[in-house]
Amino acid sequence: MFVNCPFDDDFAPLLQAIAFCITDLDFYPRVAPENANNAANRLDRIIELIRGSRYGIHDLSRCKSTAADQYARLNMPFELGLDHGCARFGPAPLTDKSILILEHDRYDYQKGLSDISGWDILAHGGQFVAIIRIIRNWLVHHAGAVNIGASKIQGDYAAFQEWHWERELAQGASEDDIRDYPSIQLISAMRHWVDAGRPI
């Protein structure tokens, strides 16, 4: 499942919530930083992830500039376009792709990407709980995910975080070390926790 979203520190808690929800429902989040092969350019790495993913989640909440003379960020809508192009013009099984589009505030996308008016775009308001509910509902409906409640996923996330912190501290990491881990390392730990039977 390809996840296209910001990778800055401010968005990290939401990215981690998205990744955990996907992982807890037994899917595999794929994010651009995981493919760090510098022998290939970044766009080729992203295309490889898109091509290999049956599902795509695209968050457009950081596409606008926040200060005067600042450029809008176009990477997220560009990658959405690549994913949509795969679904529309690619050979099977790419034509079976499903795509979820997220935004921070409802109808924000219309100010910069009005061509997708009429699509079912969901707003999360930057809220951890809202984004888990949205991802959970979409995966149950579109991907046949097991029908567990969003509250159960939130409880699993709390259990994972406690397990992860205890494991890392036992291995010699400091609390500052753990807070500084890149999201891709945390996503890897999520998969390990699920594969280990979700220990408490």
| request: For residue 116 and residue 159, compute 0.36 nm times the residue count separating them, minus their Cα-Cα distance, and round to one decimal in nm. | output: 11.7 nm
| message | Tell me whether region 74-185 comes out rounded, prolate or oblate; compute the Cα gyration tensor, take square roots of the eigenvalues as a ≥ b ≥ c, and use a/c under 1.5 as the rounded threshold. | response | prolate
| What label, among [x] 11.8; [y] 13.8; [z] 12.8, belongs to mean projected area of the Cα convex hull in nm² computed from the structure on display? | [z]
| message | Before I look further, what does the chain give for accessible area per residue, probe 1.4 Å, in whole square angstrom? | response | 54
| remark: Residue span residue 47 to residue 167: 0.36 nm per residue of separation minus Cα-Cα distance leaves a gain in nm of 39.7 nm
| request: Would you mind computing, in nm to one decimal, how far apart the modelled labels at residue 142 and residue 54 are, each placed 7 Å from Cα along Cα→Cβ? | output: 1.4
| message | Just want to confirm a number: the relative contact order over the chain, from Cα pairs under 8 angstrom separated by 6+ residues, in percent. | response | 24
| field | Folded to 0 to 90 degrees: helix 183-195 orientation relative to the chain principal axis, Cα | value | 60
| Can you give the helix-only mean residue ellipticity at 222 nm for the chain, where every DSSP H stretch with n ≥ 4 adds -39500 (n - 2.57) and the sum goes over all residues, rounded to the nearest 500 deg cm²/dmol? | -15000 deg cm²/dmol
| request: For helix 150-170, report the angle its Cα long axis makes with the longest principal axis of the Cα atoms of the chain; keep it between 0 and 90° and round to the nearest 10°. | output: 50
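The values are calculated or read from the model by the stated rules, or taken from the named source; none is laboratory data. All values derive from a computational prediction rather than experimental measurement. We place every Cβ from the backbone using ideal geometry, glycine too, and count neighbours over all the protein chains shown. Protein only, heavy atoms only, side chains kept; ligands, DNA and RNA dropped before computing areas. Shrake-Rupley method; radii C 1.70, N 1.55, O 1.52, S 1.80 Å.
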